[in-house]
Amino acid sequence: MKKYICYLGLGLLAMAASCSNEDMPETGGSDIVISNSDVPIRLSSSPVGGTRASVESDGGLFEADGLGIFCLAKNTIGRNAVEPEIDWSTGGYAVWLNNTEANARKNKSKTATMIDWADGVSRWYPTGNWYSYRFYGYYPRTENIRYTESSVVAVIPIDGTQDLIWGRTDNLDDSEGNLAYSAAYFRSASHKNETPSIAFTHKFMRLTFSMVPGVDADGTINEALNMGIESIKINNVPDVAYLTVADREDITNDGTVSYEWDKVTYFCLCDSGDVALRDDHFVRPTETTIGQGILLPVPVDGVAPYTVEVTLKDKSGNVFHSDHPMTIRFANADGKFEAGKSYNIKLTINGAKTVGIDATLTGWVTDNSTLNGSGIIY
């Protein structure tokens, strides 16, 4: 799987080196010089317990390539005679880190997650002290970013193999004059050793699949052991996510994701490495896992529910298709899917006849609800 990341507070640490002014965005004012201070940008986290995903999590630490990091102005500091109103669509001082590509790495002692900027160049807070800043991060990174004066939206293609995470730093109230975060803030003796922290959360849910043999009329599972899974398909899935990285006018919109539910497709369950299911997923006497799971948007009220189509095969090469898709639903009418939770769909295989389906919850966050599906596979 292309990397999906555990449900936890994650952190980033930008190590200081050198950076040239040419690497920085320009502003429209010809009399304004965009330049770097001598204060490096560092981001970090306090490890928080999480669960395993395709990117290994160890006490809140993770490794992944391809995060996007923003440093966005949030307030004017008031130290300059002229401080333009914040407009994220103009870049410059207002967008100091502009979707900067970064790779997350554990440090040698495995006590923190550090950021290696993908271009090998370190970042510094700006001179001038016009604005204080807030940091935002998301994964997977996209080049398709939409800006307005007060919002940043990432348009992210999705295919079921990648997690979608988002996070931001705390919105600190600084007693010294709303300086957090800026070069001036970190020059204060009381703040010089602080490290801003980004806490990430899942924006997707996960479906995993397992299978068990069904008992035939003669009381054995012999017929079931001749059967296997050819493919599993999830229907009614949007393939583009619109992630609001930041919204300065309504902070409650930060990190929200929208989809075009009237434009949906299907995702197929893959094996590790995002490849099609192998040809060896045959039923065994005990419950076995199939594939690597599918990362999905959390469905909302009023949209078509996800349905599952399972194609079976036997050891002689015969293939058996679903008569119709099965709807996945909670046994409890009040049950709702949630971001950051993993739901296991357990398929009961009864030879070349029928497949029953039910589900229990497992994985990232324990939830004792039960999922039910309905439908005949063969």
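Of the accessible area of region 217-346, computed with a 1.4 Å probe over protein heavy atoms only, carbon and sulfur atoms account for 45 percent. Computed from phi, the 3J(HN,Hα) profile of region 101-114 under the Karplus parametrisation 6.51, -1.76, 1.60 (θ = phi - 60°) reads 6, 9, 10, 8, 9, 6, 6, 4, 7, 6, 10, 7, 9, 10 Hz, with x in place of Gly and Pro. Annotation for region 252-304 versus region 171-242: alpha-carbon center distance of 13 Å. For the residue pairs K203/K233; K233/K263; K203/K336; K233/K313; K315/K341; K108/K341, the alpha carbons lie more than 25 Å apart in K315/K341; K108/K341.
Between E249 and V319, the C-beta separation translates, for a Förster distance of 56 Å, into a calculated FRET efficiency of about 0.55. Close amide H partners of S197, meaning residues 5 or more places away or on another chain with modelled amide H under 5 Å apart, are S44, D170. Backbone phi angles across region 252-261, fed through the Karplus curve with coefficients 6.51, -1.76 and 1.60 (θ = phi - 60°), yield HN-Hα couplings of 5, 7, 4, x, 7, 10, 10, 9, 9, 5 Hz in residue order; Gly and Pro are listed as x. Scanning residues 5 or more positions from V298 or on other chains, those with amide H under 5 Å from its amide H are M205, with H placed 1.01 Å from N in the peptide plane. In terms of its C-alpha gyration tensor, region 89-174 has an oblate overall shape, because the principal axis ratio a/c (a ≥ b ≥ c, square roots of the eigenvalues) is not below 1.5 and a/b does not outweigh b/c.
In this structure, the amide hydrogen of E230, modeled 1.01 Å from its nitrogen in the peptide plane, lies closer than 5 angstrom to those of T311, L312, K313, counting only residues at least 5 positions away or on a different chain.
The values are calculated or read from the model by the stated rules, or taken from the named source; none is laboratory data. Note that the structure is a prediction, hence the values are computed from the model and not measured. No Cβ is skipped: glycine too gets one built from the backbone with ideal geometry, and neighbour counts run over all protein chains shown. Just so you know, the surface numbers come from the protein's heavy atoms only, side chains and all, with ligands and any DNA or RNA stripped out. Shrake-Rupley method; radii C 1.70, N 1.55, O 1.52, S 1.80 Å.
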